[in-house]
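The block underneath contains the structure these notes are about, expressed in structure tokens.
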Amino acid sequence: FDVLPFFWVPEQNAAERTLRDKVDYVGWIRDGYIQATDGNVTDYDVIRRDIVELAKKYNIRQIGIDRWNATQLATQLQGEGLDVVGFGQGYGSMSSPSKHLEQLVLSEKLRHGGHPVLSWMAANVATQSDHQGNIKPSKGKSTERIDGIVSLVMGLGLHATATAPPPEQSWDI
């Protein structure tokens, strides 16, 4: 699997986040690893625009979203003709793709080009398990961000349940 991650951050908060999180958001923006949006709050119009362009460029077949608090963006993306799928954050939805991600990493079958933001998030993530051996990503005792890893797990979950395209089409997730 090849992973091409995209991240966004409000430009006015980047310097503050650099100090608070002790990571170089400003450098990541400068180097193109994070897209800065104008202002001090997340600009979902920019994110929507970027996702629509990415969907065209990479033939994105489905977009997984956390069902909690993403209704407006999901509705807008659906209005753009994209297939948006709610993805639960509990063990039932997250366990199998989390185990798949773990297997891909351990077998060195996942490539992300050394993306520093995703690497930082991977270093922050822990797994949480229930009494039945199900797992899901967790911050554990970390206060750092893991959103990219959660998104990756959701993408793997969608990929595992997707219908294969006709032979003449290619897959991009």
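The values are calculated or read from the model by the stated rules, or taken from the named source; none is laboratory data. Owing to the predicted nature of the structure, the values given are computational and were not obtained by experimental measurement. Every residue, glycine as well, gets a Cβ built from its backbone with ideal geometry; the counts of neighbours run over all protein chains shown. These accessible areas exclude ligands, DNA and RNA; they are computed on the full protein's heavy atoms, side chains included. Shrake-Rupley method; radii C 1.70, N 1.55, O 1.52, S 1.80 Å.
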Relative contact order [Cα under 8 Å, 6+ residues apart], the chain, whole percent: 23 percent
Of (i) 134; (ii) 125; (iii) 206, which is the value of volume of the Cα convex hull per residue in Å³ derived from the coordinates here? (i)
For ASP66 and THR18 in the same chain, what is the full-extension length gain: residue separation times 0.36 nm, less their Cα-Cα distance, in nm? 14.7 nm
Computed over the chain, protein heavy atoms only, probe 1.4 angstrom, the accessible area per residue in square angstrom equals 61 Å²
Does the stretch 106-166 come out rounded, prolate or oblate, given a ≥ b ≥ c as the square roots of the eigenvalues of its C-alpha gyration tensor, rounded meaning a/c under 1.5 and, failing that, prolate meaning a/b above b/c? oblate
State which stretch of the chain is the longest one without any exposed trypsin sites (Lys or Arg not before Pro), exposure meaning a DSSP loop state and at most 11 other Cβ atoms within 10 Å. 23-108
In deg cm²/dmol, rounded to the nearest 500, the helical mean residue ellipticity at 222 nm of the chain, built from -39500 (n - 2.57) for every DSSP H run of length 4 or more, is -13500 deg cm²/dmol
For the chain, which whole-number percentage of the solvent-accessible area (1.4 Å probe, protein heavy atoms only) is attributable to carbon and sulfur atoms? 50 percent
Cross-link list LYS56/LYS99; LYS22/LYS109; LYS109/LYS136: which exceed 28 angstrom alpha carbon to alpha carbon? LYS56/LYS99; LYS22/LYS109
For a quick check of your reading of the filter: which GluC sites (Glu not before Pro) in the stretch 42-127 sit in a DSSP loop and have no more than 14 other Cβ atoms within 10 Å? GLU80, GLU108
Any chance you could run the full-extension gain for GLN132 through ASP2? It's 0.36 nm times the residue separation minus the Cα-Cα distance, nm to one decimal. 43.7 nm
Given the protein chains as shown and a 1.4 Å probe, how many square angstrom of VAL23 are accessible, to the nearest 10? 20 Å²
Let me understand the stretch 1-100 better: what is its radius of gyration from the alpha carbons, and its Dmax, in angstrom? 15.3, 39
Rounded to whole angstrom, the alpha-carbon centroid of the stretch 113-138 lies from that of the stretch 4-76 at a distance of 20 Å
Would you calculate the separation in nanometres between label points at SER119 and ASP83, each defined as 7 Å from the Cα along the Cα-to-beta-carbon direction? 3.4 nm
Given points 7 Å out from each Cα along the Cα-Cβ axis, report the ASP38 to GLU108 separation in nanometres with one decimal. 4.7 nm
By its C-alpha gyration tensor, with a ≥ b ≥ c as the square roots of the eigenvalues, how is the stretch 12-63 shaped: rounded for a/c under 1.5, else prolate for a/b larger than b/c, else oblate? prolate
